[in-house]
Every structure is written in structure tokens, then in C-alpha cells.
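Written below as C-alpha cells is the structure these notes are about.
The values are calculated or read from the model by the stated rules, or taken from the named source; none is laboratory data. Everything quoted here is computed from the prediction, not taken from an experiment. Using ideal geometry, Cβ is built from the backbone for each residue, glycine included, and neighbour counts are taken over all protein chains shown.
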Amino acid sequence: MVIIKTMRFTYSKEIKHTVGSSRVSSKRVLDGDTIDKGIQIYRMWFLFLRLGLDCEDNNIKLLDFHKQKEVKVKVNKRYYRQWDIDRVKHDTFNSWWKDKKDLFHEVPSQFVTKIEDNENYLYLQIDKRQTKQRLINDITRLYRGQKTQPLSKFNTTNQHKYVSLMMKYNIFIWREMGITRRQMIEKIKSVYKYYDIRKPETDRSITRLISNSQKILINTSKGEF
């Protein structure tokens, strides 16, 4: 029997799984707009930030397994000011994304009909009679030394995998629900049976995943995802 204790989270809850196969979309073009990662990665970024806000607002401390001490969660409000923190707490991801997706869009290379006064853009004159390789060489030469910046205002810095992120997020929630490590192992076998991912089989492996989920949570709160 799984004992459910009173949840201290105000905004966060377990992700219910509706995906019936191992196929997860990694489309980088969404409604005509280009984004750096598949939409699910941004969904998990949103949820981990919400989880961080939950821990901060409810004074839920994390345990540093290596140093054996408690750690407080502190969300970098300045970094996330454009995210609208109150909406992250209360809105669904889909509703929030509809209004905030411009923060993550990249501008793909394209033909232009007019020149914009934008310091992020570099305009080149190209002779269409050149060979493709000559054109590549010229662009490489001209672009060398140019100061580069991220293509969107908010970029992921880690190579996250969606299903793995989802599992680590849920493990963090399950622990708060009072689900034991052994129960988590059985739950993961059932819930994630369609996914081709490494599944924990020992209490120690669950502990590692909890530690990893806490690291993601702390980094997310700082503004690193």
C-alpha cells in the first residue's frame, strides 16, 4: 500500500502519463517558428521552475547527499522577470507558452526585402553566380571574428532528454508524497514501460535520481537549464 502524506507543494503535482509509446516529438519548428529544442524540453523547464518556486514559497529544503546538509532553494527572480513568475505558479504551460513563446524563438536565415536596424543581424552582398563552396568560404571569412550571442533570449545549456527529465521530476514529487524507493521502482517499471530508458532497479539508483533531480531543480532556480 502506498501511503500518501499531505503535500507541501502549492503549485506542483505529479505528471500524469498519457503517451502510449516511446515516440516523443523533437520538432524544432512550431507553428512556423523555430525553437532550439523540442517543445517538451521547455515544458519541463517551466515545471522545474514551478517546482523551485514551490520549494522556496513553502520553505521545502533539499538534502545535499554528498555534504549531508540541507539546502534552501532560491529562485533568481531577476533572470526570470520576463517569464511572469505568478503565471508560472498558476497557469498551465500551454496557456503561458502562448504568450511567452517569443522569448524562445530563433530567427532563421532568410532572404530579406528590406534592411532592419538591428545589431543582431549582419547583411552580406552575395554574387549568385558563385559556386556553393566559394560562397561558404566567403561567408566563413567575413563572419570570422564577429561577436556571437544566443539566438533566443533563453537557451538551454544542457543536453536534456525529455522522458528522463519527466521521470526525475516525478520522483521528486513522489518522495514528497511519501512513496518509498522500492515503490518508486515498481511504479517506474509500470509507468515507463513503453520508454526505452534505463530504469532504476535498486534503492541506491533511486537515491542517485533524487540527487540528480535536486541538482536540476537548483540549477533551474539559478537560471541554468
**Asked** What is the number of the single condition among (1) in a helix (DSSP H, G or I); (2) out of contact with any Pro (no Cβ under 9 Å at 6 or more places or on another chain) that Arg208 does not meet?
**Response** (2)
**Message:** Checking the condition in contact (Cβ under 8 Å) with a residue 24 or more places away in the chain, crowded, with 18+ Cβ neighbours inside 10 Å and hydrophobic (A, V, I, L, M, F, W, C), which residue from Met166, Met184 passes?
**Reply:** Met166
**Prompt:** Any chance segment 91-100 includes a residue that's of a type in the set (Ser, Thr, Tyr), within 27 Å of Tyr11 (Cα to Cα), at pLDDT 95 or above and surrounded by 13 or more Cβ atoms within 10 Å (Cβ to Cβ)?
**Reply:** no
**Asked** Taking only pairs six or more apart or across chains, which ones have beta-carbon atoms under 9 Å, a first residue in segment 64-89 that is under 15 Å from Leu51 (Cα atoms) and modelled with pLDDT of 85 or more, and a second residue that is part of a loop (DSSP other than H, G, I, E, B) and of a type in the set (Ser, Thr, Tyr)?
**Response** Val88/Tyr11; Val88/Tyr80; Lys89/Thr10; Lys89/Tyr11
**Request:** Answer yes if at least one residue in segment 41-52 is crowded, with 17+ Cβ neighbours inside 10 Å, modelled with pLDDT of 95 or more, more than 30 Å from Tyr194 (Cα to Cα) and not polar (S, T, N, Q), and no otherwise.
**Result:** no
